[in-house]
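The values are calculated or read from the model by the stated rules, or taken from the named source; none is laboratory data. Keep in mind that this is a model prediction, so the values were computed, not measured. Note: ideal-geometry Cβ built from the backbone for every residue, glycine included; neighbour counts use all protein chains shown. The protein model used for the area step is the full one, side chains on, heavy atoms only, and it has no ligands, DNA or RNA in it. Shrake-Rupley method; radii C 1.70, N 1.55, O 1.52, S 1.80 Å.
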Amino acid sequence: MTTLYVRFLLPPMYEAALPQLIGLLGEFSPTVEALPPDAALVDLGGAVRYFGRDAVELAAVIRVRALALYGVECVIGAGPGPMLARMAARTASPGVTRVVPGDPGAVAEFLAGQPVAALPGVGAATARTLCEYGLDTLGRVAAAPQGTLQRLTTARIGRELHEKARGVDRTRVTPNAATRSTAAERPFPRDELDPYRHRRALLSLADELGARLRDGKQVCRSLTLTVRYADRSTTTRSRTLPEPTGRTTALSTAAYRMYEALGLQRARVRALALRAEGLRPVEGSACQLTFDPADEKARALEAVADRARARFGPGAIVPGRLAA
């Protein structure tokens, strides 16, 4: 199996372009897994045979098309599996595809000098524990007995470390995963200082995401707010929702709280973005029952608004604060 890990160098606040770029990758292989906000995995097993080109040549075509069609440069790593492709991309640079050959000797040589923190799935706490015992490279982790790794971590983590450090990757590219998150953005015509306009933009974003989720019969588990300032710096905050939801009210409330927690004082904001993450089908999702008539009324109004938008367009009904 030949896998590409493609990370698109998207400008800040332009992660909503990822679905279009995923569609570009879909022209080369039907097995594409989106990794929001800016990356994807592509299984080229069939594409290599179909196009008669190797992974490096296909990666070059992908890079050129992404730049020509969307103005986006990308960093690409290639390997026999998702893990090695990800690790190859860490040392890749724009315009050059970093390749890990499928030969076991080449894989072992590539992994031997890598720091243990470079292994996908190894967090800071696990890496710190391993380094305390001198297991600071994957070569040393591979040479350690599996039982030792399990005693230092856990039975499952130790087994996975022992396998991955030796190049054994049991993960696969999961196709059609682009719906794991969805994002919306609101740039301001000029740098905006008014908190009222900031909140108005957040309500507009929550309303758009809520309508999109309900239309796709989905709910999200968490929400991420990104604020871009006049100096092009950004601040990102995430919040796990009390329950999976697709309701505009819940999304806007979470967005407001994240915004207020930033404590912005006369900040010159250039753009705001919201990303709904952890998407799942609404069927089977838990929902807290309530006897609040106001909540039931809000649900009924959302359903009516969704039907009106489906018939007359997305601008048929909007929150009163956005009507102006």
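Pop the C-beta distance of Ala118 and Ala294 into the FRET formula with R0 = 56 Å and round what comes out to the nearest 0.05.
Step by step, r from the Cβ atoms, then E = 0.65.
For Cα extents along the principal axes in Å, the listed values are [x] 82, 56, 40; [y] 65, 47, 42; [z] 53, 52, 37; which was obtained by calculation from the structure presented?
Answer label, from the structure shown: [y].
So if each residue of separation counts as 0.36 nm, and I subtract the Cα-Cα distance between Gln150 and Asp306, what length gain in nm does that give?
Length gained between Gln150 and Asp306: 50.9 nm.
For the chain, what is the accessible area per residue in Å², given a 1.4 Å probe and the full set of protein chains?
Heavy-atom SASA per residue in the chain reads 52 Å².
Determine, for each peptide in 209-218, 259-268, the mean count of other beta carbons within 10 angstrom over its residues, then list the peptides with the highest first.
Values: 209-218: 18.0, 259-268: 12.1.
Highest-to-lowest ranking by the protection proxy: 209-218, 259-268.
What FRET efficiency would be calculated for the residue pair Tyr133, Val64, taking the C-beta separation as r and a Förster radius of 51 Å, to the nearest 0.05?
That pair, Tyr133 with Val64, gives E of 0.65.
For the Cα atoms of the chain, what angle does the longest principal axis make with the long axis of helix 293-312, in degrees from 0 to 90, nearest 10?
Tilt relative to the chain: about 80 degrees.
By average Cβ neighbour count within 10 Å, what is the ranking of 72-85, 148-161 from highest down?
Most protected by this proxy first, the peptides run 72-85, 148-161.
Using 0.36 nm per residue, how much length does the chain from Val56 to Leu193 gain when fully extended, once their Cα-Cα distance is taken away?
Full extension of this stretch gives 44.6 nm more.
With point charges of +1 on the Cβ of Lys and Arg and -1 on the Cβ of Asp and Glu, referenced to the Cα centre of the chain, which listed residue (Pro104, Gly278, Ser222) lies farthest in the positive direction of the dipole?
Ser222
What is the magnitude of the charge dipole of region 99-171 about its Cα centre, with +1 placed on the Cβ of each Lys and Arg, -1 on the Cβ of each Asp and Glu, and no other charges, expressed in debye to the nearest 20?
280 debye
Taking amide H positions as placed in the peptide plane 1.01 Å from N, state which residues far from Leu44 in sequence (5 or more) or on other chains have amide H under 5 Å from it.
Correct list: Thr2, Thr3, Leu4.
Mind checking the dipole of the chain: about its Cα centre, +1 per Lys or Arg Cβ, -1 per Asp or Glu Cβ, Debye to the nearest 20?
My answer is approximately 500 debye.
To the nearest 0.05, what FRET efficiency results for Ala108 and Glu27 with a Förster distance of 45 Å applied to their C-beta separation? Please report the intermediate quantities before stating the final value.
Working: r = 34 Å, r/R0 = 0.77.
Efficiency, from the Cβ-Cβ distance: 0.85.
Using Cα atoms only, what is the angle between the long axis of helix 195-215 and the major principal axis of the chain, expressed in degrees (0 to 90) to the nearest 10?
The answer is roughly 70 degrees.
Sorting check: for 169-175, 231-237, which peptide has the highest mean count of neighbouring beta carbons within 10 Å, and how do the rest follow? The partial results should precede the final answer.
Working: 169-175: 15.9, 231-237: 12.3.
Most protected by this proxy first, the peptides run 169-175, 231-237.
Take the solvent-accessible surface of the protein heavy atoms, probe 1.4 Å, and return the percent of it on the chain that carbon and sulfur atoms account for.
Details: 8950 of 16920 Å².
Whole-percent figure for carbon plus sulfur exposure: 53.
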